[in-house]
Every structure is written in C-alpha cells, then in structure tokens.
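S.K.: Here's a structure for you.
Read the figures in this text as sums done on the coordinates, not as results from a lab. Predicted model only: the values in this text are computed from it and were never measured. Quick reminder, even Gly has a Cβ in these numbers, built from the backbone with ideal geometry, and neighbours come from all protein chains shown.
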C-alpha cells in the first residue's frame, strides 16, 4: 500500500551551516499512529515543519498522499493538520472564531456543526465564546488541536502535544488520538514522554542528529532491542561469582544478596535453564526471583547513545 | 483559487478593526479632523486662496492622502507582523494558500479600513470646510489605488520588521515628513525653483497632486504622471512581495 507520507533523501542545512536533517528516508503508513522520538535538537520539528510547509526543504522530496509538498502544496496541505509545539494562539480571538478561521484558511466552507463537534470532543464547547487569552495552558493546547481538526484532516501532526499538560488532560488527549485513528486519520506525534509513545504508537522512529536511527513496529522494536533480566535473591550471600559461572552474563549485587542474569529476548535459547542448573550444582540456592523487561525509554536511550558512539 | 481562505483572512482582519474601533477608525478620523478645525475653520479664512481654491478646502485632499498612506501602512504592517510576533504565522504557512490569496486577504482588509477612514474624514471635513469634488470617479480611483498600493507597502514593512519599533519607523520617520513636504499644506509651485525640483523626487507629491486634481481640477504635476507614478510604486511593491514569498524572507527558515 502507498505510504501516506513518503520522505526521500531529505536534507536540510540552516543558514549558519547547522545541518538539521541528513538524508532522511521515512514512510508513514496510512491510518497508523507513528511516534517520532529524539532528543532536543534531533531534527523532529524540522522534519515536521518541512512536511507541513513551514520550513523550506533543502534537498530531497516529501509526498503527502502522493502529492509533492512543494509542487502540489495545495493538495498536500489540505489533508494535513498541524498542532505545533509552541502555544501560539490568537490571544484576543474567541475560541469559536479562531477555530472557524482555521477551517476557512484550509479552503473548507463554513460548517458550524463540525466545529461544534470538535469543540465538544475537546471539552471546549463551554469556552467557545471566551477569548483565548482567558484560557489555561491546557485549554490553549486543546484550542490548537481544535484548529488543526477544523478542516477534517486525514493526516495529523502533533508536535509535543502533551508538553506541559496535566496527567488527566494527557489521558484525554490519548483517548482523542485513538478515536481519530479509529476514524482513519494517520497520526504522527513527536514526544519527549516515552510513556506516550509506548502507550499509543503503532510504530516508532528514532531520530538523532538529523538522522533516522531506527524505524520499527513498537512491539518488534521492544523485542529486538529490549533486554530481559532475571534477578535471583539468594538464600546465602555470595562474596563473588564462582569462576565456573563467569562465562554467563551474571552480575552480583554489592551486598552479595542478588544475582542478575541478563538475556536476549529474541534468542531461542535464553540460557536460563543452564544457569539455574549450574547454580544448583554449585550449591547456590535462591529464595525468590524476579524478571523484568527493558522499557521503551531504555531502548531509546541506548539507541541515542549508540548513535553518539557511546558505549551501549 | 482558495476563496474561503481569502474570506477567512479578510473577515479575521476586519473583525480586529471592529474590535478596536477607537484605535482603528475613530482615532485617525479625529486627529485629521483637528487639522480641518485649526487650518480650515479657524485660520484658513485668513489665508490666501491657492490656485483659486480656498485654503481650508485646498488642504483636504493632502490631509486625506496623508491619513490614507499612514493608515494603509499601519493596518497592513500590523496585520502580518502580529502573527509573526505571536507565532500564529505557522498556520498561514502550512495552509493551502498561495501568496496572492494571502495578499488579497491582508491587503484587501487593510485597504478597506483605510478607505473607510478616508471616506469618514471626507464626511467629517464637510462639517467644517466647504469643498467640492469635480471628478468623483477619479477621486474614488485614486483613493482605492493608493490604499491598495500602500497597504502592499505596509505588508512588506510588516514582513521586514523584527520589532514593534521598526513597525512605526517608516510611517513616522519617512511617510509623515514626505507627506508634509509633499504639498499637503501648499502647492509645490509656491516653492523656490531649487526646492521645487528637489520636491519632485518625493513620490508623495504625485499622489497628493493627482488626488487634489480629482477634487478641484488643479494639480502641481500632470495627472497622468501622478497615475503612472502610483502604478509604478504598486508594481514595485508587488515585485517585492512576490520575492518575499518566493524566498520565504523572514517568513520561513
């Protein structure tokens, strides 16, 4: 199936020589929630801004639903909605007029019923006549989302959508994003909250220093790059790991009370049975055990460290 | 053509005008009317007629033109500068609109406001000064052409400015002196030859002269030259705006 967003060999060098994007290639599938992760200055916002038309591309090509975002900007932009990172709002306008303005700007005829639906879905209906400057930060964020949804986009970019909003509002937004996805809208979000990506995304892309480090299904990414650990709480503390067991990836806690065995999730033979047998042979008994899995955050940190050339 | 976008921008800008009625409409009308009261009613009667036109009536076209220029520039420059300042420009840049449509919305609204102010000033002046309009169609044409041209110029200033101070710089430091020295209060034919020649380099002379001709049939320079100069400035502004949108100057990185 044709990707809904196709980025090919996209590079961007800003005035002053800073290279924000380096030969980026990326496909976004229709109807998915795609999370773009990366540290500050990685190029997330530049990539989104180029796709949406806010920043001029350097070299390369971006297609939105088959339309070149530069040459066929009308067709491309009319199906895209953007919620920017900054809380940039028309402070003196009412919620209703600001959202209605956005719909007109995107070439759509007046449709009060749709605006009402969007405002109600975002719990903004009661505030429709309030000036935006009178709203809280979280409400302003909702207004930006309402503006982005006013023209019924098929692709929605959310640049740090839940930055600075409380937990309840964040949960509400996650529900709204899932609801949009169920209506067939493709969602691309950038976030600093790994929890957000872990909770919502179908696929994840990691960008660092302007380069795409990895793109994969969330589950697959966590399986491929994640690690599992088995911690054994010992009956008797050990002073050191016996020499015969040193070939296994075992680590002893400082107090000698726990042994941690790290193994590859993907590997068919994890080696757990062998380790347990050998421990038994050496008379090392345990009273309890606990297994844990890498979080997406750990995978992300490792990926970024790896891209920097640090030890993973 | 994205007419919905043009209408949205136009309505949005006009809504700001109605919201700030005192600042947008009442203030320029009042301040210009003071000139009519002082120079028209109070001391105008003691001044000699110029080119056969009573002094109070003589200054009306120049004052209307002066207000038209400053208002057009202020309206349009603020209209595009404020979204840049507040960050909401992102929406304009990411919307399916061409630069022609953006111009039609912003410049159309700015010019509309200026024309409203200009007409209100003319109506107000009638209470203090007796004047007539010999060529009403030409008067309206000059009014519209000048409003559009200087709204375009204001749009350019709004894109160029990187602070509120710069936004005021051109209207206060350039347009006001040019209007005052461009024959608003006198005929440039009254100047010594050397100053007359220097004044002809002032583009505002041609606007005021042409506009005054539409009122009284008298002009400092040929009306065709006035029209040609206004049209030339319009084309220069259009070319500058085209370049701004082509390069993304101060709009896109």
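S.K.: Using helices alone, what [θ] at 222 nm do you get for chain A, with -39,500 (n - 2.57) per DSSP H run of 4 or more residues, divided over all residues and rounded to the nearest 500?
M.R.: -10000 deg cm²/dmol
S.K.: I'd like the FRET efficiency for residue B:180 and residue A:112, computed as 1/(1 + (r/R0)^6) with the beta carbon distance as r and R0 of 56 Å, rounded to 0.05.
M.R.: Given R0 = 56 Å and the Cβ-Cβ separation, E is 0.65.
S.K.: Springs between alpha-carbon atoms under 10 Å, Gaussian network over chain B: tell me which of B:44, B:158, B:62 tops the mean-square fluctuations.
M.R.: B:44
S.K.: Right, another one. For chain B, find the longest principal axis of its Cα atoms and tell me its angle to the long axis of helix B:203-216, 0 to 90°, nearest 10.
M.R.: Around 60 degrees separate the two axes.
S.K.: Over what distance in Å are the Cα centres of the stretch A:45-73 and the stretch A:130-194 separated?
M.R.: 22
S.K.: So what is the relative contact order of the stretch A:46-182, in percent, for Cα pairs below 8 Å that sit 6 or more residues apart?
M.R.: 30 percent.
S.K.: Assign one of three labels to the stretch B:1-143, namely rounded, prolate or oblate, based on the Cα gyration tensor with a ≥ b ≥ c the square roots of its eigenvalues; rounded applies when a/c is under 1.5, prolate when it is not and a/b is larger than b/c, and oblate otherwise.
M.R.: prolate
S.K.: Here is a follow-up. Please state the shape class of the stretch B:91-201: rounded when a/c is under 1.5, otherwise prolate if a/b exceeds b/c and oblate if not, all from the C-alpha gyration tensor.
M.R.: Judged from the Cα gyration tensor, the stretch B:91-201 comes out oblate (a/c at least 1.5, b/c at or above a/b).
S.K.: Most mobile of A:120, A:218, A:12 per a Gaussian network model of chain A (Cα springs, under 10 Å)?
M.R.: Most flexible of the set in this elastic network: A:120.
S.K.: Counting other beta carbons within 10 Å of each residue's own, what order do B:195, A:125, B:18 fall into, fewest first?
M.R.: By the 10 Å Cβ count, ascending: B:18, B:195, A:125.
S.K.: Same structure, new question: Roughly what % of Cα-Cα distances in the stretch A:165-207 sit above 17 Å, to the whole percent?
M.R.: Here the long-distance tail beyond 17 Å is 29 percent of all Cα pairs in the stretch A:165-207.
S.K.: With springs only between Cα atoms under 10 Å apart, run a GNM on chain A and tell me which of A:216, A:255, A:112 wobbles the most.
M.R.: A:255
S.K.: Counting other beta carbons within 10 Å of each Cβ, put B:43, B:144 in order, fewest first.
M.R.: Lowest to highest Cβ neighbour count: B:43, B:144.
S.K.: I would also like to ask the following. Using Cα pairs closer than 8 Å and at least 6 residues apart in sequence, work out the relative contact order for the stretch A:227-293, in percent.
M.R.: Numbers: 101 pairs, mean separation 33.3, N = 67.
Dividing the mean separation by the residue count of the stretch A:227-293 yields 50 percent.
S.K.: Sticking with this structure for a sec: Using only alpha carbon pairs under 8 Å that are at least six residues apart, calculate the relative contact order of chain A and give it in whole percent.
M.R.: Details: 556 pairs, mean separation 59.2, N = 312.
So the answer I get is 19 percent.
S.K.: Would you work out if the stretch A:109-176 is rounded, prolate or oblate? Take a ≥ b ≥ c from the square roots of the eigenvalues of the alpha-carbon gyration tensor; rounded if a/c is under 1.5, else prolate when a/b is larger than b/c, oblate otherwise.
M.R.: Details: a/c = 1.80, a/b = 1.20, b/c = 1.49.
Taking the square roots of the gyration eigenvalues as a ≥ b ≥ c, the stretch A:109-176 is oblate.
S.K.: To continue, here is another question. Bin by bin, in steps of 5 Å, what percent of the Cα pairs in the stretch A:227-293 do you find, going until the bin that has the longest distance?
M.R.: All Cα pairs, binned at 5 Å, distribute as 4, 17, 31, 28, 14, 5, 1 percent.
S.K.: Something else about it: Treating the angle as unsigned and between 0 and 90°, give the value, to the nearest 10°, between the Cα long axis of helix A:137-149 and the longest Cα principal axis of chain A.
M.R.: Approximately 70 degrees, to the nearest 10.
S.K.: Any idea how far the Cα center of the stretch B:65-91 sits from the one of the stretch B:172-217, in Å?
M.R.: The distance from the Cα centre of the stretch B:65-91 to that of the stretch B:172-217 comes to 26 Å.
S.K.: So for the pair residue A:220, residue A:9, with labels modelled 7 Å out along Cα→Cβ, what separation do we get in nm?
M.R.: 2.5
S.K.: How high is the FRET efficiency between residue A:19 and residue A:168 when r is their beta carbon distance and R₀ equals 35 Å, given to the nearest 0.05?
M.R.: So the FRET efficiency works out to roughly 0.30.
S.K.: Based solely on its DSSP helices, what 222 nm [θ] is calculated for chain B when runs of n ≥ 4 H residues each add -39,500 (n - 2.57) and the sum is averaged over all residues, nearest 500 deg cm²/dmol?
M.R.: Calculated from helices alone, the mean residue ellipticity at 222 nm is -23000 deg cm²/dmol.
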